[in-house]
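These notes are about the structure you will find just below.
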Amino acid sequence: MPQFSVTALSKNLPVSVLGAGAWGSAVAIALAQRHPVMLWGRNEAAMAEAQAARENKAYLPGYHLPDSLTATSDFDAAVNHGKHGLLIAACPVAGLRPLAQRLQSHDIPHLVWLCKGFEGGSGMLPHQIVAEELGKDFIGGALSGPSFAQEVARGLPCALTIAANDAHLREQVVAAVHGGQIRLYTSDDIVGVEVGGAVKNILAIATGIADGLGLGLNARAALITRGLAEITRLGLALGGQLETFMGLTGMGDLILTCTGDLSRNRKVGLGLAQGKALEQIVNELGHVAEGVPCARSVRTLAARMNVEMPITNAVAGVLFDGDAANVMVARLLARDPREEAA
């Protein structure tokens, strides 16, 4: 991988973030410290309020929008701004295909996405969706890693990975994003990075269930460790690289999401352990918890590829099959003993 020096970092690069949810807003705030940023959201009233109040009260309340950040609902203006610098898609994975389709009429040179998950129905990873809609030779990459929106918006330290097959795009993203409180690493393993970012959300639900049932720190550690084995098995089967799953977008993101109190997916697990209905939990969150739809997609994909993922299957059973949380735990404990490497 190439090495980058501080002198290569850019300033005043036009950046557009397409998607004004919590994570998109946080990234926009962070990048606006040294770039002119446009933050696009589809809700015209919410974006007008954010622009006037200098705060995205709908999805990231309490965090000031810098003067160099423009909140807008004008999609064409946002795309035209970012395509000359850095264009970032910050929608949930379910919204990536519609967004990519909307971008077909624009002459954009690249796209970087923040979403983590498998598309419902197709079971595709984000890079596959982009390739299908914008062309297999289109230049794109995934920006991922252990990161909570609130901490990034506060300017706390964080490390991320940009995964792309195109070396120039990796350099461009490093130049734009690396610096200040964000440290950026590069990878050409886009499959491994995306698999790690997707499956860790399912395992965060599992650890939330275990914590909610009061099973202790030993159980949490076991779930995280064996969960990493599941991520790795699926990732390797899909063509990912082993070392990726030991890094930021594998182990790092898994640990954060399974243990951090800001994790929406962990909160889903805690709610399930309390006996709450899934619909109630999701409504109370007010944000997308990607682990819920991802559990269905990954269970189907793993079965088709004959990849053993017992924790994922157990979580899907609680989410979609009516299994009680304690039944999930009992089922996992009752599995036959085996070598740890298996």
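Just name the residue that is farthest from ASP107 (Cα to Cα) out of those in the stretch 41-53 that are open to solvent by 40 Å² or more (accessible area, probe 1.4 Å) and assigned to a loop (DSSP other than H, G, I, E, B). Across the stretch 41-53, the extreme among qualifying residues is ASN43.
Scanning the stretch 143-152 for residues that are open to solvent by 20 Å² or more (accessible area, probe 1.4 Å) and touching a strand residue (DSSP E or B) at 6+ places or on another chain (Cβ under 7 Å) gives SER147, GLU151. Figure legend. Inter-residue proximity from the stretch 14-26: first residues touching a residue at least 24 places away in the same chain (Cβ under 8 Å), second residues of a type in the set (Phe, Trp, Tyr) and assigned to a loop (DSSP other than H, G, I, E, B), beta-carbon distance below 7 Å, spacing 6+ or different chains. Indicated pairs: ALA20/TYR59; GLY21/TYR59; ALA22/TYR59; SER25/TYR59.
Within the stretch 54-73, the set of residues being without any contact (Cβ under 8 Å) to a residue 60 or more places away in the chain, within 29 Å of LEU285 (Cβ to Cβ) and part of a loop (DSSP other than H, G, I, E, B) comprises ARG54, LYS57, ALA58, LEU65, PRO66, SER73. The helices (runs of 4 or more DSSP H) located wholly in the stretch 146-264 that include 2 or more residues which are at pLDDT below 95 and aliphatic (A, V, I, L, M) occupy 217-237. Annotation: VAL307 fulfils all but one of (1) assigned to a loop (DSSP other than H, G, I, E, B); (2) more than 18 Å from LYS200 (Cα to Cα); the unmet one is (2). Within the stretch 320-342, residues that are farther than 20 Å from ALA277 by Cα have Cβ atoms under 6 Å from residues that are open to solvent by less than 100 Å² (accessible area, probe 1.4 Å) in these pairs: ARG331/ALA314; LEU332/ALA314, counting only partners at least 6 apart in sequence or on another chain. When ALA229 is tested against (1) surrounded by 13 or more Cβ atoms within 10 Å (Cβ to Cβ); (2) in contact (Cβ under 8 Å) with a residue 24 or more places away in the chain, just one condition goes unmet, and that condition is (2).
Condition check ((1) more than 26 Å from TRP23 (Cβ to Cβ); (2) open to solvent by 60 Å² or more (accessible area, probe 1.4 Å); (3) modelled with pLDDT of 95 or more; (4) among the acidic types (Asp, Glu)) across all residues:
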residue: GLU279; (1), (2), (3), (4): no, yes, no, yes
residue: GLY286; (1), (2), (3), (4): no, no, no, no
residue: ALA289; (1), (2), (3), (4): no, no, no, no
residue: VAL298; (1), (2), (3), (4): no, no, yes, no
residue: VAL318; (1), (2), (3), (4): no, no, yes, no
residue: ASP323; (1), (2), (3), (4): yes, no, no, yes
residue: ALA330; (1), (2), (3), (4): yes, no, no, no
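Restricting attention to the stretch 232-273, the residues being surrounded by fewer than 20 Cβ atoms within 10 Å (Cβ to Cβ) and among the charged types (D, E, K, R) number 3. If only residues of the stretch 91-120 that are closer than 27 Å to SER10 by Cα and among the charged types (D, E, K, R) are counted, the one that is most open to solvent (accessible area, probe 1.4 Å) is ASP107.
Does ILE129 satisfy being assigned to a helix (DSSP H, G or I), crowded, with 16+ Cβ neighbours inside 10 Å and touching a residue at least 24 places away in the same chain (Cβ under 8 Å)? Here the answer is yes, as ILE129 does meet what is asked. Inside the stretch 72-90, residues that are open to solvent by 10 Å² or more (accessible area, probe 1.4 Å) and under 24 Å from ARG264 (Cβ atoms) make up a count of 1. All conditions in (1) surrounded by fewer than 19 Cβ atoms within 10 Å (Cβ to Cβ); (2) at pLDDT 95 or above hold for GLY140, with the sole exception of (1).
ALA78 meets all of the listed conditions (1) part of a loop (DSSP other than H, G, I, E, B); (2) touching a Phe, Trp or Tyr at 6+ places or on another chain (Cβ under 6 Å) but one, namely (1).
The values are calculated or read from the model by the stated rules, or taken from the named source; none is laboratory data. Bear in mind that the values here come from a model prediction, so they are computed numbers and not experimental data. Reconstructed Cβ throughout: ideal geometry from the backbone, glycine too, with neighbour counts over all protein chains shown. Accessible surface is based on the protein model in full, side chains and every heavy atom, while ligands, DNA and RNA are left aside. Shrake-Rupley method; radii C 1.70, N 1.55, O 1.52, S 1.80 Å.
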